[in-house]
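Notes follow once the structure below has been shown.
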Amino acid sequence: MKKHIIHIGILGIGLVLGWLIFGKNEIVAPDNNSHTHSPPESEEQIWTCSMHPQIRKNEPGNCPICGMTLIPADNKSSENEFILEMTDEAVKLSNIQTTTLTSLGHETETLELSGKIQKNEENAASLVTQISGRIEKLYVNYTGEQINKGQKIASIYSPTLINAQKELLEANKLKETNPALLESSKNKLRNWKITDEQISTILSEQKIQETFVIYAQYSGVIINKKVSVGDHLKEGEVLFDIQNLNSLWVIFDAYENDLNAISVGDEITFTTTALPTEMFKTKVTFIDPTINPVTRTVSVRAEVNNRNKKLKPEMFVQGTINQSNNYTANQDTNVFVPKSAVLWTGKRSVVYLKLPKTEIPSFEFREIELGQTIGNQYMVTQGLKNGDEVVTNGAFFIDAAAQLNNQSSMMNRKVSDK
(Lines give C-alpha, C1' and ligand atoms only; values in the text may rest on other atoms or scores of the structure.)
Protein backbone atom coordinates (compact mmCIF):
# COMPACT_ATOMS: atom_id res chain seq x y z
CA MET A 1 0.00 0.00 0.00
CA LYS A 2 2.81 2.36 0.92
CA LYS A 3 4.50 1.59 -2.42
CA HIS A 4 1.42 2.71 -4.36
CA ILE A 5 1.23 5.97 -2.48
CA ILE A 6 4.93 6.64 -3.10
CA HIS A 7 4.51 5.94 -6.88
CA ILE A 8 1.54 8.30 -7.15
CA GLY A 9 3.44 11.02 -5.35
CA ILE A 10 6.45 10.68 -7.66
CA LEU A 11 4.18 10.83 -10.73
CA GLY A 12 2.51 14.01 -9.48
CA ILE A 13 5.82 15.70 -8.80
CA GLY A 14 6.98 14.79 -12.31
CA LEU A 15 3.94 16.37 -13.92
CA VAL A 16 4.39 19.60 -12.00
CA LEU A 17 8.04 19.80 -12.95
CA GLY A 18 7.21 19.16 -16.61
CA TRP A 19 4.67 21.94 -16.66
CA LEU A 20 7.08 24.34 -15.04
CA ILE A 21 9.72 23.56 -17.56
CA PHE A 22 7.88 23.17 -20.89
CA GLY A 23 4.76 25.16 -20.25
CA LYS A 24 6.67 28.07 -18.85
CA ASN A 25 9.06 28.07 -21.72
CA GLU A 26 6.10 28.22 -24.12
CA ILE A 27 4.72 31.19 -22.30
CA VAL A 28 8.06 32.90 -22.07
CA ALA A 29 8.75 32.30 -25.75
CA PRO A 30 5.52 32.97 -27.58
CA ASP A 31 5.26 32.80 -31.34
CA ASN A 32 5.92 36.37 -32.43
CA ASN A 33 4.50 35.60 -35.85
CA SER A 34 1.16 34.31 -34.52
CA HIS A 35 -0.89 37.38 -35.52
CA THR A 36 0.69 38.05 -38.78
CA HIS A 37 -1.74 35.57 -40.42
CA SER A 38 -5.02 36.82 -38.85
CA PRO A 39 -6.69 39.61 -40.76
CA PRO A 40 -7.53 42.87 -39.03
CA GLU A 41 -10.86 42.82 -37.21
CA SER A 42 -12.27 45.41 -39.58
CA GLU A 43 -11.68 43.06 -42.51
CA GLU A 44 -13.26 39.96 -40.97
CA GLN A 45 -15.99 38.31 -43.04
CA ILE A 46 -19.45 38.47 -41.45
CA TRP A 47 -21.88 35.58 -42.01
CA THR A 48 -25.64 35.99 -41.96
CA CYS A 49 -28.87 34.14 -42.73
CA SER A 50 -30.71 34.89 -45.95
CA MET A 51 -34.02 34.50 -44.13
CA HIS A 52 -33.02 36.25 -40.90
CA PRO A 53 -30.64 39.13 -41.73
CA GLN A 54 -30.41 40.08 -38.04
CA ILE A 55 -28.19 37.03 -37.50
CA ARG A 56 -24.51 38.08 -37.87
CA LYS A 57 -21.59 35.78 -37.00
CA ASN A 58 -17.82 35.84 -37.46
CA GLU A 59 -17.67 32.33 -38.88
CA PRO A 60 -19.80 30.12 -41.16
CA GLY A 61 -22.38 27.75 -39.75
CA ASN A 62 -26.11 27.34 -39.51
CA CYS A 63 -28.76 29.89 -38.58
CA PRO A 64 -29.82 29.41 -34.93
CA ILE A 65 -33.42 30.30 -35.88
CA CYS A 66 -34.20 28.30 -39.01
CA GLY A 67 -31.15 26.08 -39.39
CA MET A 68 -30.25 27.34 -42.88
CA THR A 69 -26.62 27.59 -43.93
CA LEU A 70 -25.20 31.04 -43.29
CA ILE A 71 -23.97 33.05 -46.25
CA PRO A 72 -21.42 35.88 -46.53
CA ALA A 73 -22.98 39.21 -45.64
CA ASP A 74 -22.40 42.50 -47.37
CA ASN A 75 -20.73 44.64 -44.73
CA LYS A 76 -22.36 47.68 -46.19
CA SER A 77 -25.66 48.19 -44.32
CA SER A 78 -28.05 51.08 -44.02
CA GLU A 79 -28.02 53.06 -40.81
CA ASN A 80 -31.54 54.30 -41.51
CA GLU A 81 -33.91 52.64 -39.05
CA PHE A 82 -36.72 52.81 -41.62
CA ILE A 83 -34.86 50.90 -44.34
CA LEU A 84 -34.34 47.15 -44.26
CA GLU A 85 -31.72 45.63 -46.54
CA MET A 86 -32.13 42.03 -47.66
CA THR A 87 -30.12 39.58 -49.70
CA ASP A 88 -31.27 38.49 -53.13
CA GLU A 89 -31.75 34.99 -51.73
CA ALA A 90 -34.06 36.28 -49.01
CA VAL A 91 -36.15 38.22 -51.54
CA LYS A 92 -36.58 35.11 -53.67
CA LEU A 93 -37.37 32.81 -50.76
CA SER A 94 -40.03 35.15 -49.36
CA ASN A 95 -41.60 35.65 -52.83
CA ILE A 96 -41.65 39.42 -52.52
CA GLN A 97 -43.68 41.13 -55.24
CA THR A 98 -44.18 44.83 -55.90
CA THR A 99 -46.54 47.15 -57.77
CA THR A 100 -45.91 50.64 -59.10
CA LEU A 101 -48.67 53.05 -58.09
CA THR A 102 -50.64 54.92 -60.72
CA SER A 103 -53.60 57.30 -60.68
CA LEU A 104 -55.32 55.30 -63.42
CA GLY A 105 -55.70 52.13 -61.39
CA HIS A 106 -59.29 52.95 -60.43
CA GLU A 107 -60.66 53.34 -63.92
CA THR A 108 -61.63 49.71 -64.18
CA GLU A 109 -62.47 49.23 -60.50
CA THR A 110 -65.83 47.68 -59.73
CA LEU A 111 -67.52 46.66 -56.50
CA GLU A 112 -69.11 43.24 -56.48
CA LEU A 113 -72.22 42.75 -54.33
CA SER A 114 -74.38 39.71 -53.76
CA GLY A 115 -78.07 40.00 -53.00
CA LYS A 116 -81.59 38.70 -53.38
CA ILE A 117 -84.84 39.72 -55.05
CA GLN A 118 -87.49 40.75 -52.52
CA LYS A 119 -91.11 41.91 -52.66
CA ASN A 120 -91.63 45.64 -52.87
CA GLU A 121 -93.21 46.43 -49.52
CA GLU A 122 -94.75 49.59 -50.95
CA ASN A 123 -96.91 47.45 -53.26
CA ALA A 124 -98.35 45.13 -50.62
CA ALA A 125 -102.07 45.35 -49.73
CA SER A 126 -104.86 43.52 -47.94
CA LEU A 127 -108.36 42.99 -49.37
CA VAL A 128 -110.91 43.40 -46.60
CA THR A 129 -114.66 43.30 -46.18
CA GLN A 130 -116.33 46.58 -45.33
CA ILE A 131 -119.33 44.89 -43.73
CA SER A 132 -119.89 41.99 -41.37
CA GLY A 133 -121.49 38.82 -42.68
CA ARG A 134 -120.99 35.28 -43.97
CA ILE A 135 -118.96 34.35 -47.07
CA GLU A 136 -121.34 32.73 -49.56
CA LYS A 137 -118.96 32.38 -52.49
CA LEU A 138 -115.29 32.97 -53.39
CA TYR A 139 -114.35 33.95 -56.94
CA VAL A 140 -110.60 33.49 -56.25
CA ASN A 141 -109.46 30.42 -54.39
CA TYR A 142 -105.73 29.81 -54.19
CA THR A 143 -102.42 31.42 -53.26
CA GLY A 144 -100.54 32.81 -56.24
CA GLU A 145 -103.65 33.68 -58.24
CA GLN A 146 -103.59 37.04 -59.97
CA ILE A 147 -106.23 39.58 -58.94
CA ASN A 148 -106.98 42.77 -60.86
CA LYS A 149 -108.49 45.91 -59.43
CA GLY A 150 -112.30 45.87 -59.75
CA GLN A 151 -112.47 42.09 -60.05
CA LYS A 152 -115.07 40.08 -58.10
CA ILE A 153 -113.41 38.29 -55.20
CA ALA A 154 -116.33 37.14 -52.99
CA SER A 155 -120.04 37.44 -52.25
CA ILE A 156 -121.28 37.95 -48.71
CA TYR A 157 -124.60 37.56 -46.89
CA SER A 158 -125.02 40.38 -44.39
CA PRO A 159 -128.05 41.04 -42.15
CA THR A 160 -126.68 44.55 -41.66
CA LEU A 161 -126.95 45.22 -45.39
CA ILE A 162 -130.45 43.78 -45.54
CA ASN A 163 -131.58 46.27 -42.88
CA ALA A 164 -129.82 49.12 -44.69
CA GLN A 165 -131.66 48.25 -47.93
CA LYS A 166 -135.01 48.33 -46.09
CA GLU A 167 -134.17 51.82 -44.84
CA LEU A 168 -133.27 52.85 -48.40
CA LEU A 169 -136.57 51.65 -49.82
CA GLU A 170 -138.55 53.41 -47.07
CA ALA A 171 -136.57 56.64 -47.56
CA ASN A 172 -137.24 56.43 -51.30
CA LYS A 173 -140.96 56.56 -50.59
CA LEU A 174 -140.44 59.90 -48.80
CA LYS A 175 -138.05 61.41 -51.31
CA GLU A 176 -140.50 64.14 -52.29
CA THR A 177 -141.02 65.36 -48.75
CA ASN A 178 -137.67 64.41 -47.24
CA PRO A 179 -134.97 64.08 -49.93
CA ALA A 180 -132.23 64.40 -47.30
CA LEU A 181 -133.32 61.14 -45.72
CA LEU A 182 -132.93 59.33 -49.04
CA GLU A 183 -129.46 60.79 -49.57
CA SER A 184 -128.45 59.77 -46.04
CA SER A 185 -129.55 56.19 -46.71
CA LYS A 186 -127.53 56.10 -49.92
CA ASN A 187 -124.41 57.45 -48.17
CA LYS A 188 -124.72 54.75 -45.53
CA LEU A 189 -124.49 52.10 -48.23
CA ARG A 190 -121.69 53.96 -50.01
CA ASN A 191 -119.63 53.87 -46.82
CA TRP A 192 -119.79 50.06 -47.02
CA LYS A 193 -118.44 50.23 -50.58
CA ILE A 194 -121.82 49.57 -52.19
CA THR A 195 -121.62 51.17 -55.63
CA ASP A 196 -124.13 53.68 -57.03
CA GLU A 197 -124.96 51.14 -59.70
CA GLN A 198 -125.95 48.59 -57.04
CA ILE A 199 -128.00 51.21 -55.20
CA SER A 200 -129.82 52.13 -58.43
CA THR A 201 -130.59 48.45 -59.03
CA ILE A 202 -132.14 48.15 -55.56
CA LEU A 203 -134.31 51.22 -56.11
CA SER A 204 -135.41 50.27 -59.64
CA GLU A 205 -136.26 46.68 -58.73
CA GLN A 206 -137.70 47.61 -55.34
CA LYS A 207 -136.22 44.35 -54.12
CA ILE A 208 -133.81 43.61 -51.30
CA GLN A 209 -130.65 41.76 -52.32
CA GLU A 210 -129.61 39.04 -49.85
CA THR A 211 -125.97 38.85 -50.97
CA PHE A 212 -123.54 41.47 -52.18
CA VAL A 213 -120.40 41.11 -54.25
CA ILE A 214 -117.04 42.29 -52.80
CA TYR A 215 -114.70 43.79 -55.41
CA ALA A 216 -110.89 44.04 -55.28
CA GLN A 217 -109.61 47.51 -54.49
CA TYR A 218 -106.05 46.68 -55.65
CA SER A 219 -104.23 44.49 -58.18
CA GLY A 220 -101.75 41.83 -57.20
CA VAL A 221 -100.97 38.19 -56.55
CA ILE A 222 -102.52 36.40 -53.59
CA ILE A 223 -99.77 35.62 -51.11
CA ASN A 224 -102.03 34.71 -48.20
CA LYS A 225 -105.58 33.39 -48.36
CA LYS A 226 -107.38 33.94 -45.04
CA VAL A 227 -111.03 32.96 -45.66
CA SER A 228 -113.12 30.06 -46.89
CA VAL A 229 -116.76 29.75 -47.91
CA GLY A 230 -118.99 29.84 -44.85
CA ASP A 231 -116.65 31.93 -42.68
CA HIS A 232 -118.28 34.69 -40.64
CA LEU A 233 -116.37 37.95 -40.91
CA LYS A 234 -116.41 41.15 -38.94
CA GLU A 235 -116.27 44.56 -40.55
CA GLY A 236 -112.71 45.28 -41.71
CA GLU A 237 -111.55 41.65 -41.55
CA VAL A 238 -108.96 40.54 -44.16
CA LEU A 239 -109.93 38.14 -46.95
CA PHE A 240 -106.63 38.07 -48.87
CA ASP A 241 -103.12 39.55 -48.61
CA ILE A 242 -101.88 40.46 -52.08
CA GLN A 243 -98.60 41.67 -53.56
CA ASN A 244 -98.13 43.59 -56.79
CA LEU A 245 -95.07 42.09 -58.50
CA ASN A 246 -94.80 44.65 -61.30
CA SER A 247 -92.08 46.30 -59.23
CA LEU A 248 -89.57 44.46 -57.03
CA TRP A 249 -86.78 45.31 -54.64
CA VAL A 250 -83.23 44.04 -55.07
CA ILE A 251 -81.50 43.91 -51.67
CA PHE A 252 -77.68 43.77 -51.80
CA ASP A 253 -75.39 43.14 -48.83
CA ALA A 254 -72.47 45.57 -48.52
CA TYR A 255 -69.63 45.32 -46.01
CA GLU A 256 -68.73 48.23 -43.78
CA ASN A 257 -65.51 49.10 -45.59
CA ASP A 258 -67.39 49.35 -48.92
CA LEU A 259 -69.99 51.87 -47.75
CA ASN A 260 -67.91 54.92 -48.66
CA ALA A 261 -68.02 53.80 -52.29
CA ILE A 262 -71.82 53.46 -52.46
CA SER A 263 -74.28 56.34 -52.76
CA VAL A 264 -77.98 56.70 -53.49
CA GLY A 265 -78.35 57.04 -57.25
CA ASP A 266 -75.41 54.78 -58.16
CA GLU A 267 -76.15 52.48 -61.08
CA ILE A 268 -76.04 48.74 -60.40
CA THR A 269 -75.87 46.06 -63.06
CA PHE A 270 -76.94 42.62 -61.88
CA THR A 271 -77.55 39.10 -63.13
CA THR A 272 -79.34 36.07 -61.73
CA THR A 273 -78.57 32.39 -62.16
CA ALA A 274 -82.12 31.80 -63.42
CA LEU A 275 -81.49 34.12 -66.39
CA PRO A 276 -77.72 33.94 -66.94
CA THR A 277 -77.79 35.57 -70.38
CA GLU A 278 -79.76 38.65 -69.32
CA MET A 279 -78.36 41.79 -67.71
CA PHE A 280 -80.57 44.03 -65.56
CA LYS A 281 -79.88 47.64 -64.64
CA THR A 282 -81.18 49.61 -61.70
CA LYS A 283 -80.14 52.37 -59.28
CA VAL A 284 -79.57 52.51 -55.54
CA THR A 285 -82.66 54.01 -53.90
CA PHE A 286 -81.98 53.37 -50.22
CA ILE A 287 -79.08 52.46 -47.89
CA ASP A 288 -80.05 50.96 -44.54
CA PRO A 289 -78.95 53.26 -41.68
CA THR A 290 -78.13 50.28 -39.43
CA ILE A 291 -75.65 47.39 -39.66
CA ASN A 292 -76.74 43.79 -39.31
CA PRO A 293 -74.98 42.68 -36.09
CA VAL A 294 -74.77 39.05 -37.25
CA THR A 295 -73.45 39.42 -40.82
CA ARG A 296 -71.80 42.85 -40.27
CA THR A 297 -73.31 44.03 -43.54
CA VAL A 298 -75.58 46.87 -44.60
CA SER A 299 -78.59 46.40 -46.87
CA VAL A 300 -78.42 48.39 -50.09
CA ARG A 301 -81.77 48.57 -51.87
CA ALA A 302 -82.61 49.11 -55.52
CA GLU A 303 -85.93 48.97 -57.35
CA VAL A 304 -86.45 47.13 -60.63
CA ASN A 305 -89.34 47.09 -63.09
CA ASN A 306 -90.84 43.61 -63.45
CA ARG A 307 -93.87 44.02 -65.69
CA ASN A 308 -92.72 41.08 -67.80
CA LYS A 309 -92.68 38.94 -64.62
CA LYS A 310 -89.25 37.46 -65.41
CA LEU A 311 -87.89 38.10 -61.93
CA LYS A 312 -89.23 36.27 -58.89
CA PRO A 313 -88.91 37.09 -55.19
CA GLU A 314 -86.12 35.16 -53.41
CA MET A 315 -83.97 34.84 -56.55
CA PHE A 316 -80.25 35.26 -55.80
CA VAL A 317 -78.45 37.96 -57.79
CA GLN A 318 -74.90 39.19 -58.31
CA GLY A 319 -74.51 42.94 -58.74
CA THR A 320 -71.72 45.25 -59.90
CA ILE A 321 -71.23 48.94 -59.19
CA ASN A 322 -68.84 50.80 -61.49
CA GLN A 323 -66.91 53.04 -59.13
CA SER A 324 -64.93 55.01 -61.68
CA ASN A 325 -67.74 57.55 -62.05
CA ASN A 326 -67.16 58.79 -58.49
CA TYR A 327 -63.45 59.55 -58.96
CA THR A 328 -62.98 61.06 -62.40
CA ALA A 329 -62.65 64.63 -61.14
CA ASN A 330 -59.11 64.17 -59.77
CA GLN A 331 -57.98 61.13 -61.75
CA ASP A 332 -54.57 62.74 -62.46
CA THR A 333 -53.76 63.36 -58.78
CA ASN A 334 -55.50 60.51 -56.95
CA VAL A 335 -53.21 57.81 -55.60
CA PHE A 336 -54.49 54.25 -55.16
CA VAL A 337 -52.75 51.40 -53.36
CA PRO A 338 -53.75 47.72 -53.54
CA LYS A 339 -55.30 46.35 -50.35
CA SER A 340 -52.72 43.56 -50.24
CA ALA A 341 -49.95 46.14 -49.75
CA VAL A 342 -51.39 47.65 -46.57
CA LEU A 343 -50.53 46.36 -43.09
CA TRP A 344 -52.96 47.38 -40.36
CA THR A 345 -51.82 48.18 -36.84
CA GLY A 346 -54.59 49.80 -34.84
CA LYS A 347 -55.17 53.26 -36.26
CA ARG A 348 -52.02 53.17 -38.36
CA SER A 349 -51.65 51.92 -41.92
CA VAL A 350 -48.20 50.77 -43.05
CA VAL A 351 -46.65 49.86 -46.40
CA TYR A 352 -43.13 48.95 -47.53
CA LEU A 353 -41.59 50.72 -50.51
CA LYS A 354 -38.90 49.14 -52.66
CA LEU A 355 -36.16 51.72 -53.05
CA PRO A 356 -34.96 52.21 -56.63
CA LYS A 357 -31.34 52.08 -57.80
CA THR A 358 -29.86 50.29 -54.78
CA GLU A 359 -26.99 47.78 -54.91
CA ILE A 360 -28.89 45.32 -52.71
CA PRO A 361 -32.69 45.03 -52.28
CA SER A 362 -33.82 47.72 -49.81
CA PHE A 363 -37.30 48.34 -48.44
CA GLU A 364 -38.52 51.45 -46.63
CA PHE A 365 -41.06 51.40 -43.81
CA ARG A 366 -43.74 54.04 -44.54
CA GLU A 367 -46.85 55.08 -42.60
CA ILE A 368 -49.73 56.32 -44.77
CA GLU A 369 -53.25 57.69 -44.42
CA LEU A 370 -56.09 56.05 -46.33
CA GLY A 371 -59.32 57.41 -47.76
CA GLN A 372 -62.20 55.61 -49.37
CA THR A 373 -62.25 51.98 -50.43
CA ILE A 374 -62.54 51.47 -54.18
CA GLY A 375 -62.88 47.83 -55.13
CA ASN A 376 -59.65 46.08 -54.13
CA GLN A 377 -57.77 49.36 -53.65
CA TYR A 378 -57.59 52.19 -51.13
CA MET A 379 -57.37 55.85 -51.98
CA VAL A 380 -54.24 57.28 -50.32
CA THR A 381 -54.62 60.75 -48.81
CA GLN A 382 -51.09 61.06 -47.43
CA GLY A 383 -47.78 59.20 -47.52
CA LEU A 384 -47.50 57.97 -51.12
CA LYS A 385 -47.30 59.39 -54.61
CA ASN A 386 -47.81 58.00 -58.07
CA GLY A 387 -44.71 56.16 -59.24
CA ASP A 388 -43.85 54.69 -55.83
CA GLU A 389 -43.15 50.96 -55.92
CA VAL A 390 -44.88 49.22 -52.98
CA VAL A 391 -44.64 45.63 -51.78
CA THR A 392 -47.90 43.80 -52.48
CA ASN A 393 -46.73 40.31 -51.47
CA GLY A 394 -44.30 39.51 -48.67
CA ALA A 395 -44.80 42.69 -46.63
CA PHE A 396 -45.38 40.66 -43.45
CA PHE A 397 -42.04 38.92 -43.92
CA ILE A 398 -40.23 42.23 -44.35
CA ASP A 399 -41.93 43.67 -41.28
CA ALA A 400 -41.02 40.62 -39.19
CA ALA A 401 -37.39 40.84 -40.29
CA ALA A 402 -37.32 44.56 -39.45
CA GLN A 403 -38.73 43.87 -36.01
CA LEU A 404 -36.12 41.17 -35.30
CA ASN A 405 -33.44 43.55 -36.54
CA ASN A 406 -34.65 46.21 -34.07
CA GLN A 407 -35.77 48.54 -36.84
CA SER A 408 -39.03 50.42 -37.33
CA SER A 409 -41.92 48.03 -37.89
CA MET A 410 -45.59 47.65 -37.04
CA MET A 411 -44.74 46.54 -33.49
CA ASN A 412 -41.57 48.59 -33.10
CA ARG A 413 -42.51 52.17 -33.84
CA LYS A 414 -39.65 54.64 -33.59
CA VAL A 415 -41.48 57.55 -35.16
CA SER A 416 -42.73 60.10 -32.66
CA ASP A 417 -46.37 61.12 -33.02
CA LYS A 418 -46.94 64.56 -34.44
Given (1) at pLDDT 85 or above; (2) within 25 Å of the chain's Cα centre (by Cα); (3) buried (at least 19 other Cβ atoms within 10 Å of the Cβ), number of the condition Ile374 does not satisfy: (1)
From the residues in segment 224-254 that are aliphatic (A, V, I, L, M) and under 33 Å from the mean Cα position of the chain (by Cα), which one is farthest from Lys312 (Cα to Cα)? Ala254
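Answer yes if at least one residue in segment 92-104 is among the charged types (D, E, K, R), surrounded by fewer than 17 Cβ atoms within 10 Å (Cβ to Cβ) and in contact (Cβ under 8 Å) with a residue 12 or more places away in the chain, and no otherwise.
no
Quickly run through segment 151-208 and pick out the residues that are among the aromatic types (Phe, Trp, Tyr) and either assigned to a loop (DSSP other than H, G, I, E, B) or farther than 22 Å from Ser132 by Cβ (or both).
Trp192
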Just name the residue that is farthest from the chain's Cα centre (by Cα) out of those in segment 155-187 that are within 28 Å of Leu138 (Cα to Cα), surrounded by fewer than 15 Cβ atoms within 10 Å (Cβ to Cβ) and not β-branched (Val, Ile, Thr). Lys166
Checking Phe363 against (1) at pLDDT below 85; (2) more than 27 Å from the chain's Cα centre (by Cα); (3) of a type in the set (Phe, Trp, Tyr), the condition it does not meet: (1)
Do any residues in segment 148-159 that are over 15 Å from Ser228 (Cβ atoms) have Cβ atoms under 7 Å from those of residues that are hydrophobic (A, V, I, L, M, F, W, C), where the two are at least six apart or on different chains, and which pairs are they? Asn148/Ala216; Lys149/Ala216; Gly150/Ala216; Gln151/Ala216; Lys152/Val213; Ser158/Ile131; Ser158/Phe212
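For segment 204-236, give me the residue count where each residue is on the phi > 0 side of the Ramachandran plot and either outside the structural domain of Ala164 (by TED's automatic domain parsing) or polar (S, T, N, Q) (or both).
Residues that pass the stated criteria total 1.
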Residue list for segment 256-275, restricted to those being small (Gly, Ala, Ser) and out of contact with any Leu (no Cβ under 9 Å at 6 or more places or on another chain): Ser263, Gly265
If we only count strands (runs of 3 or more DSSP E) wholly inside segment 74-125, which ones have 2 or more residues that are closer than 30 Å to Leu245 by Cα and at pLDDT 80 or above? 110-119
With Lys166, Lys116 as the choices, which residue is in the same structural domain as Val250 (by TED's automatic domain parsing), of a type outside the set (Gly, Ala, Ser) and over 25 Å from Val229 (Cα atoms)? Lys116
Checked against (1) modelled with pLDDT of 85 or more; (2) surrounded by 17 or more Cβ atoms within 10 Å (Cβ to Cβ); (3) outside the structural domain of Phe252 (by TED's automatic domain parsing), Tyr139 satisfies every condition except (2)
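Can you say whether Thr381 is at pLDDT below 85 and farther than 30 Å from Val250 by Cβ, as far as the supplied structure shows?
no
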Unmet criterion (only one of (1) assigned to a strand (DSSP E or B); (2) charged (D, E, K, R); (3) within 28 Å of Leu311 (Cβ to Cβ)) for Lys137: (3)
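The values are calculated or read from the model by the stated rules, or taken from the named source; none is laboratory data. Being a predicted model, the structure only gives us computed values, none of them experimental. Glycine gets a Cβ as well: all are built from the backbone with ideal geometry, and neighbour counts include every protein chain shown.
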